């Protein structure tokens, strides 16, 4: 815990961190990061556009996928400004209010993504375990209520967390560990007792990520039990194939998160590079990979996306032909 003199306490200013040992290569590092952000924003925006414009995709599975795309976009937009300011412009200073605002949005969208993954697991459970009641169970009104509950849960859990951090005293300048503000990282910068904030942070983790991961596992246990009752291997693979994209998205989200939590709690001598890498994987890869996986594995979505690109290519060709003929 840092020590603060009365003259040092607030208004606090934090220093965002680049990758240790690669501070001078920030502009070069920004190129792959910017490319990943661009892919994430374009990919998720494309999925949202396709689902919104195609009436036959207004089904529970695709509506939950659109929620996942919204949370992925939210995560990308929440981390993008400070990462670019660090790596492109080498601007590392960030005020306490801006930092806490970023803490709120990053962690809110993280909990929302976990909630959406749980909702998608429930969607697959109902579709496979009770296919005849699927449409009547997951109606548009219920899906809307689930989406509202996800937003309220994510925001409601983190408003008190930000208030607790805001009330703590900080010295004027404190170096953070990442190029964005995270709750545990900011909490370590205070020079007061962090027990309430620490316990509340643990409560958030257990009541969101912990609970959601357990329920997702239970959903798949029930799904596998249902599939085992099917005698034909071909018929077993059909329902399981609809779960592949969701399983990939879940593993992609939870694996870096669990690894990072284990390092924070048990590997006190772990290299800072490993923590930073896992953090970047957790926040960058899901928004990039999820649209790609779902576009490849979901037949209807893949067909619609291919049709959009075909129409675009056809229109470009016609425009070029008309331009040549006009000259």
> In segment 182-209, which residues are closer than 27 Å to residue 115 by Cβ, free of Cβ contacts under 8 Å to residues at least 24 places away in the same chain and out of contact with any helix residue (DSSP H, G or I) (no Cβ under 6 Å at 6 or more places or on another chain)?
Replying inline: 185, 198, 199, 202, 203, 206
> From the residues in segment 47-60 that are touching a helix residue (DSSP H, G or I) at 6+ places or on another chain (Cβ under 7 Å) and closer than 19 Å to residue 148 by Cβ, which one is surrounded by the most Cβ atoms within 10 Å (Cβ to Cβ)?
Replying inline: 60
> Assuming residue 55 fulfils every condition listed in (1) at pLDDT below 90; (2) farther than 30 Å from residue 243 by Cβ apart from one, which condition is it?
Replying inline: (2)
> Is there a residue in segment 54-70 that is over 27 Å from residue 153 (Cα atoms) and either without any contact (Cβ under 8 Å) to a residue 40 or more places away in the chain or outside any helix (DSSP H, G or I) (or both)?
Replying inline: yes
>> Looking only at segment 20-40, filter to residues that are in contact with a helix residue (DSSP H, G or I) (Cβ under 6 Å, 6 or more places away or on another chain) and farther than 13 Å from residue 84 by Cβ; which one of those is surrounded by the most Cβ atoms within 10 Å (Cβ to Cβ)?
In response: 40
>> So, in segment 297-310, exactly how many residues are without any contact (Cβ under 8 Å) to a residue 24 or more places away in the chain and either under 21 Å from residue 243 (Cβ atoms) or surrounded by 12 or more Cβ atoms within 10 Å (Cβ to Cβ) (or both)?
In response: 4
>> Condition first: farther than 23 Å from residue 298 by Cα and either over 13 Å from the mean Cα position of the chain (by Cα) or loosely packed, with under 14 Cβ neighbours inside 10 Å (or both). Now tell me which residues in segment 233-261 satisfy that.
In response: 258, 259, 260, 261
> Quick one: which of 213, 245, 179 is under 23 Å from residue 286 (Cβ atoms), touching a helix residue (DSSP H, G or I) at 6+ places or on another chain (Cβ under 7 Å) and in a loop (DSSP other than H, G, I, E, B)?
Replying inline: 179
> Which residues, taken from segment 186-204, are touching a strand residue (DSSP E or B) at 6+ places or on another chain (Cβ under 9 Å) and under 16 Å from residue 100 (Cα atoms)?
Replying inline: 186, 188, 189, 190, 197
>> Just to check your reading of the model, which residue among 121, 135, 149 is under 23 Å from residue 220 (Cα atoms), modelled with pLDDT under 90 and in contact with a helix residue (DSSP H, G or I) (Cβ under 9 Å, 6 or more places away or on another chain)?
In response: 135
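The values are calculated or read from the model by the stated rules, or taken from the named source; none is laboratory data. Everything numeric in this text was worked out from a predicted model, so none of it was measured. Don't worry about glycine lacking a Cβ; one is built from the backbone with ideal geometry, like all the others, and counts go over all protein chains shown.
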